[in-house]
1. Does at least one position in the range 271-285 carry a residue that is of a type in the set (Gly, Ala, Ser) and surrounded by fewer than 18 Cβ atoms within 10 Å (Cβ to Cβ)?
2. State all residues of the range 354-379 that are of a type outside the set (D, E, K, R), surrounded by 14 or more Cβ atoms within 10 Å (Cβ to Cβ) and within 30 Å of residue 48 (Cβ to Cβ); if no residue qualifies, say none.
3. Pairs please, first residue from the range 198-212 and within 20 Å of residue 257 (Cβ to Cβ) and in a helix (DSSP H, G or I), second anywhere and open to solvent by 50 Å² or more (accessible area, probe 1.4 Å) and not aromatic (Phe, Trp, Tyr), Cβ atoms under 6 Å, 6+ apart in sequence or on different chains.
4. Just to be sure before I move on: is residue 332 of a type outside the set (Gly, Ala, Ser) and over 23 Å from residue 62 (Cα atoms) in the structure I sent?
5. Can you name the condition, by its number, that residue 141 falls short on among (1) open to solvent by less than 20 Å² (accessible area, probe 1.4 Å); (2) farther than 22 Å from residue 337 by Cβ?
6. Within the range 73-87, how many residues are farther than 16 Å from residue 134 by Cα and of a type outside the set (S, T, N, Q)?
7. Only one residue in 315, 290, 351, 345 is over 22 Å from residue 75 (Cβ atoms), over 16 Å from the mean Cα position of the chain (by Cα) and open to solvent by less than 40 Å² (accessible area, probe 1.4 Å). Which one?
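The values are calculated or read from the model by the stated rules, or taken from the named source; none is laboratory data. The model shown is predicted, which means the values in this text are computed figures rather than measured ones. We place every Cβ from the backbone using ideal geometry, glycine too, and count neighbours over all the protein chains shown. Calculation scope for accessible area: heavy atoms of the full protein, side chains included, ligands and nucleic acids excluded. Shrake-Rupley method; radii C 1.70, N 1.55, O 1.52, S 1.80 Å.
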Amino acid sequence: MTEGGTARASIAGALAFLGGCGDSASETGERGVAAGPAVVPVREILLEETYEAYLGNPYTLVVDTADGSFLVSDNFQGRIVRFGRDGGIVQRYGRAGEGPDEFKGMGPTFILNDSVVVGVDAQRRLFKLFSREDGEYLESFRYRGAIGGDASVVAGMVVAPSMEFEDDFTSVMIWDPGEGSFRYLVDLPEPYMQSLRGIGAFAGSMASGSVLGWPDTMLAGMAGVNELVLATWGGEVLDTIRPSSVRRRGVPENLQVKLETDMSLSFRDRVEMMSLLAGVYRMLNGQTVLIHFDQTVKGEIPNVEWLADIYLTVLSADRRTACVDGFVPYTNETRARLTVARDTLFLLDRLINETDDDLETWIRLYEIDTSGCDWLPAT
């Protein structure tokens, strides 16, 4: 197995030091008095990349729990690459282009069942299905809306965060692959509707969301608001969850109005004034993991690098309390992609190798430890 060796020992040690402490330097501050989850590095895997097969702009990281392999969708190459648990390349799905088996603009990836991998062609709004084993293209399905986050499969149904602002003004899509039918539900939050009634800049720039489905309910949130809603599969909202922001930035009051009316805000101000909800994931004990990005930018337009401090929050199984804002340590040299599978946080991290003038891509595994948490009200 290819893992971090001597050359990475100092990095791994630093990550372990940061991850093992509930009050790291990045977590302290005037409000940083409530202990959050400890996010503890446990392992790292170097991904194989060659001249013919490298990751240009990773979009989604998915763990195939059937065999522990990793699927990475690459927006630059217009394809999905499967890596084995040892980091070696196992299979490729699709390529860049406009043909039936090609991607014009790469979106999320998900595993439909034990034989089918699905990649989203975001520009053409197509679900493209491939054989899991040999990478053969199978068929496509067209959808409406803009999918801006990870999709998941619940009892054979696909649930995806998808902002639909032409007909339904909703934030969630449900796709039934067997029937080929789509439903759009859960109304967009009021700041999005207010934006769409005006110039639409806030809604357009905050079009990403997250959703997690159970057999009878779902938890959905949009990136530009500091709340999630618990809803039925019919779209009825049952509850609203508002986890506290203790160390992360959170979402400023009247964010939509500020972004659309305050012309004094610089590009950097607009990017760095909020936390973005970047993922919602299930844990085996019924708890829910929320991932937030505190974005930062390096450089100036048009040569901007997007970076982020990442924070992890755990909702209790009844969603009444939350252990908030555990800092996720990583190199933060390029934009990270991550997911949670079977209680482990997986993070795709890219490290600039100045000696060879290239990038190394790592999958970092973290334990989520809530034993030292202070649980705060979440509603």
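1. Scanning the range 271-285 turns up no residue that is of a type in the set (Gly, Ala, Ser) and surrounded by fewer than 18 Cβ atoms within 10 Å (Cβ to Cβ).
2. 359, 361, 362, 363, 365, 366, 368
3. Taking only residues 6 or more apart or on different chains, the pairs are 203/196.
4. On the way: of a type outside the set (Gly, Ala, Ser): yes; over 23 Å from residue 62 (Cα atoms): no.
When the stated conditions are applied, residue 332 does not pass them.
5. With respect to (1) open to solvent by less than 20 Å² (accessible area, probe 1.4 Å); (2) farther than 22 Å from residue 337 by Cβ, residue 141 is out only on (1).
6. Final tally of qualifying residues: 6.
7. 315
Each row is one residue, and each column tells you yes or no for (1) closer than 17 Å to residue 63 by Cα; (2) in a loop (DSSP other than H, G, I, E, B); (3) among the β-branched types (Val, Ile, Thr); (4) open to solvent by 10 Å² or more (accessible area, probe 1.4 Å).
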position: 77; (1), (2), (3), (4): no, yes, no, yes
position: 80; (1), (2), (3), (4): yes, no, yes, no
position: 92; (1), (2), (3), (4): yes, no, no, yes
position: 99; (1), (2), (3), (4): no, yes, no, yes
position: 107; (1), (2), (3), (4): yes, no, no, no
position: 120; (1), (2), (3), (4): yes, no, yes, no
